[in-house]
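Beneath this line is the structure, given in structure tokens, with notes to follow.
The values are calculated or read from the model by the stated rules, or taken from the named source; none is laboratory data. Please read these numbers as outputs of a predicted model, since none were measured by experiment. Methodologically, a virtual Cβ is constructed for each residue, glycine included, from the backbone with ideal geometry; neighbour enumeration extends over all protein chains shown. In case anyone asks, the SASA skips ligands and DNA or RNA and just uses the protein heavy atoms, side chains included. Shrake-Rupley method; radii C 1.70, N 1.55, O 1.52, S 1.80 Å.
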Amino acid sequence: MRVNEKIERITPDTLICGIDVGKTKCCARFCDYRGLEVYHKVWFDKTENLDAIGCQITAAMYKENKTDVIIAFEPTGHYWLNIDKYFKDCGQETVLMPTYTVKQAKEMHDQNPTKSDPKDALLIARLTSEGKYVKPIERDELYQNIYSGYSIYEDIQKEINRIRNKIHVWNDKYFPEVEKLYKIDSVGIKPIYENQLLPNEIKNMTLENFIELMTKDNSRANKKSIMKLKELCEKSNGISSDAFTKKEIKRLYERFIELFKELEEYEKELIELASQIDYVEKAIEITGIGYMSMVGIIAETGDLNNYEHAKQVLKMSGLSLKESSSGQKKGKKHISKRGRSKLRRNLKQIGICLVGKNNFFLQLHNYYTTQREHPLTKLISINAIIRKFMYILMAIVKSGNSFDEEKAIRESCISFS
């Protein structure tokens, strides 16, 4: 919704209920379409039956002779979700007040930096009357499953990175030579961790026994690497190990492998879900775009059919442009970075992949960075690539047509080599 549409939504018959959400205690205050406070403030416990606040809202509507109500609250952590569900089940409209908006308007409200729950609740209600609110993302079952599944997928990735870093630390302390020849996720390193081998133990083994151990479950293992590792262990500078050192690396490696298997399972399930969406199948035809790239976008935005323009998605991601200009001073443009950081990160990764794998976007990148009258830096060029991609993606969503690279090149003002 545009700002004018939001303001027009608030009519003289509308009662606005602003709620400051806490973990348990919540405060609600009411105002009319002009921002004038009506009715008294109401405290309620979020963990108890929410019919209490529902009855208070009905009473306020009856007292003020209102036929319409909007419930607004600041999305504090996850605490607002239960309240949002309750009012939606009651058939009432809910809106969100961005945290940054409340923070910036707090002192302007009464020229006082004081913070309190009743003050925030009234401020939320008054800002809503001015059309400063946003609509929460609506997700049906398919898109909600993608959102929840991708959250778990990201958590697993974070845990994998945490375990990977711990293995690197273990190697640096006890077996600094091993990473000169093997990566920790390679098949070749598996016998070392499974058998809990340390440099002094490898040093005392015969070369034949060591080669046999390393090739037992991997007949294609590189024997030159095995021999080189044996040589390095002869003069290893790893520190002395204690009784729990072997247990530690075995536990870390087993958890590392287990997490990779979990990640593959979730990735497979998410791809199956994403493949049910028509425009995803069209989007992955673009070289450099995969299923998980689209899953990352959809998890944050919901159904892209709900958006009218690519600018809405860019603004949500914090990739919309801002500048500070005044009088004769012309400020530089920067991305706002005000929005969903996960979506912005996913789009950044997509932009880098497109430049690396897609000829059309690579040529655009070269034009922006070298051939343009005022060349862009590589990072700013990636942001421009992302904007171009989002316009293309929204065109695919709205038209249902596939991306035609030859048509895009013909219609471009850039000279492609």
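Given R₀ = 51 Å, what would the calculated FRET efficiency be for residue 212 paired with residue 378, taking r from the Cβ atoms and rounding to 0.05?
Numbers: r = 50 Å, r/R0 = 0.98.
For residue 212 and residue 378, the calculated efficiency is 0.55.
Rounded to two decimal places and with Rh computed the Kirkwood way over Cα pairs, what is Rg over Rh for region 223-270? Present the calculation step by step, with values, prior to reporting the outcome.
Numbers: Rg = 16.7 Å, Rh = 13.8 Å.
Using Cα coordinates only, the ratio equals 1.21.
Identify which of 270, 50, 347 has the largest mean-square fluctuation in a Gaussian network model of the chain, with springs joining Cα atoms closer than 10 Å.
Greatest mean-square fluctuation among the candidates belongs to 50.
Out of the DSSP beta bridges found with both residues in the chain, what percent are antiparallel (nearest 5)?
Numbers: 16 of 26 bridges.
Approximately 60 percent, going by the DSSP bridge assignments.
Show which lysines lie in cross-link reach of residue 337 when reach means a straight Cα distance below 20 angstrom and same-chain residues fewer than eight apart are skipped.
Those lysines meeting the cut-off are 103, 132, 135, 311, 315, 322, 348, 378, 388.
Which GluC sites (Glu not before Pro) in region 35-106 pass both tests, a DSSP loop state and at most 16 other beta-carbon atoms within 10 Å? Can you show the working numbers first?
Details: sites: 37, 48, 64, 93; in loops: 48.
Filter output for region 35-106: 48.
Mean projection of the alpha-carbon convex hull of region 84-150 over all orientations, in nm²? Don't skip to the end; give the middle numbers.
On the way: hull surface 24.2 nm².
In nm², the orientation-averaged hull projection of region 84-150 is 6.1.
Calculate, axis by axis, the spread of Cα positions in the chain along the three principal axes, and write the results as whole Å, longest axis first.
Rounded to whole Å, the extents work out to 92, 61, 47 Å.
Explain nothing, just the number: dipole magnitude of region 154-277 about its Cα centre with +1 on each Lys and Arg Cβ and -1 on each Asp and Glu Cβ, in debye rounded to the nearest 20. Kindly include the intermediate steps, with their values, before the conclusion.
Values: 23 positive and 24 negative charges, 134 e Å.
Around 640 debye, computed over region 154-277.
Between 326, 236, 399, find the one with the highest GNM mean-square fluctuation for the chain; connect C-alpha pairs within less than 10 Å.
Its mean-square fluctuation being the largest, the pick is 326.
How big is the charge dipole of the chain about its Cα centre, in debye rounded to the nearest 20, if each Lys and Arg gets +1 on its Cβ and each Asp and Glu gets -1 on its Cβ?
Details: 67 positive and 59 negative charges, 393 e Å.
The dipole magnitude comes to about 1880 debye.
If the chain between residue 112 and residue 244 were fully stretched, how many nm would it gain, using 0.36 nm times the residue separation less the Cα-Cα distance? Write down the numbers at each step before the final one.
On the way: separation 132, 0.36 × 132 = 47.52 nm, distance 5.82 nm.
My answer for the length gained is 41.7 nm.
Looking at the chain, do any whole DSSP H helices span at least 27 angstrom along their long axis by alpha carbon and average -1.0 or above on Kyte-Doolittle, and which?
Working: long enough: 141-174 (49 Å, -1.08); 245-274 (43 Å, -0.78); 378-399 (31 Å, 1.20).
Within the chain the helices that satisfy the rule are 245-274, 378-399.
Say R0 is 45 Å: what FRET efficiency, to the nearest 0.05, do residue 55 and residue 325 get from their beta-carbon distance? Let's see the in-between values first.
Values: r = 51 Å, r/R0 = 1.14.
The computed FRET efficiency comes out at 0.30.
So which residue, out of 386, 146, 71, gets the largest mean-square fluctuation from a GNM of the chain using Cα contacts under 10 Å as springs?
71
Please go through the residue pairs 158/183; 166/228; 23/119; 158/228; 158/216 and name each one whose alpha carbons sit more than 28 Å apart in this structure.
Details: 158/183 19 Å; 166/228 25 Å; 23/119 17 Å; 158/228 33 Å; 158/216 33 Å.
From the list (158/183; 166/228; 23/119; 158/228; 158/216), the Cα-Cα distance tops 28 Å for 158/228; 158/216.
Taking the solvent-accessible surface of protein heavy atoms with a 1.4 Å probe, what is the per residue accessible area of the chain in Å²? Mind showing how you got there, number by number?
Working: 23560 Å² over 417 residues.
Averaged over the residues of the chain, the accessible area is 56 Å².
P(r) tail for region 28-149, what percent of Cα pairs lie past 18 Å? Mind dumping the intermediate values first?
On the way: 4105 of 7381 pairs.
Distances greater than 18 Å cover 56 percent of the Cα pairs.
Output the Cα-based Rg and Dmax of region 295-417 in Å, rounding Rg to one decimal and Dmax to a whole number.
15.2, 45
What is region 245-299 by shape, rounded, prolate or oblate, if you read a ≥ b ≥ c off the alpha carbon gyration tensor as root eigenvalues and call it rounded for a/c under 1.5, prolate for a/b larger than b/c, and oblate otherwise? Don't jump to the answer; show the numbers that get you there.
Values: a/c = 4.64, a/b = 3.20, b/c = 1.45.
Since a/c reaches 1.5 and a/b is larger than b/c, the shape of region 245-299 is classed as prolate.
With n ≥ 4 as the cut-off for DSSP H runs, can you work out [θ] at 222 nm for the chain, using -39500 (n - 2.57) per run divided by the number of residues, rounded to the nearest 500? If you can, show how the numbers build up before the last one.
Working: 18 runs with 231 residues, N = 417.
Result for the chain: -17500 deg cm²/dmol, rounded to the nearest 500.
Which order do you get for 203, 247 if you rank them by accessible area with a 1.4 Å probe, largest at the top? Can you show the working numbers first?
Values: 203 95, 247 130 Å².
The ordering from most to least exposed comes out as 247, 203.
Taking region 359-417, which trypsin sites (Lys or Arg not before Pro) meet the DSSP loop condition and have no more than 14 other C-beta atoms within 10 Å?
Answer by residue number: 372.
Over all directions, how big on average is the projection of the convex hull of the alpha-carbon atoms in region 11-77, in square nanometres?
Values: hull surface 17.2 nm².
In nm², the orientation-averaged hull projection of region 11-77 is 4.3.
Can you tell me the length gained on complete extension of the stretch residue 93 to residue 185, counting 0.36 nm per residue apart and subtracting the Cα distance? Write down the numbers at each step before the final one.
Numbers: separation 92, 0.36 × 92 = 33.12 nm, distance 5.02 nm.
Going from the current span to full extension adds 28.1 nm.
Count neighbours as other Cβ atoms within 10 Å of each site's Cβ, and list the GluC sites (Glu not before Pro) in region 223-324 that are DSSP loop with at most 14 such neighbours.
Details: sites: 231, 234, 248, 254, 258, 262, 264, 265, 267, 269, 272, 281, 285, 300, 308, 323; in loops: 285, 308.
Those that pass, being in a loop and sparsely packed, are 285, 308.
Remind me, relative contact order of region 1-122 in percent, using alpha carbon pairs under 8 angstrom and six or more residues apart? Numbers along the way, then the final one.
On the way: 185 pairs, mean separation 34.5, N = 122.
Relative CO of region 1-122 lands at 28 percent.
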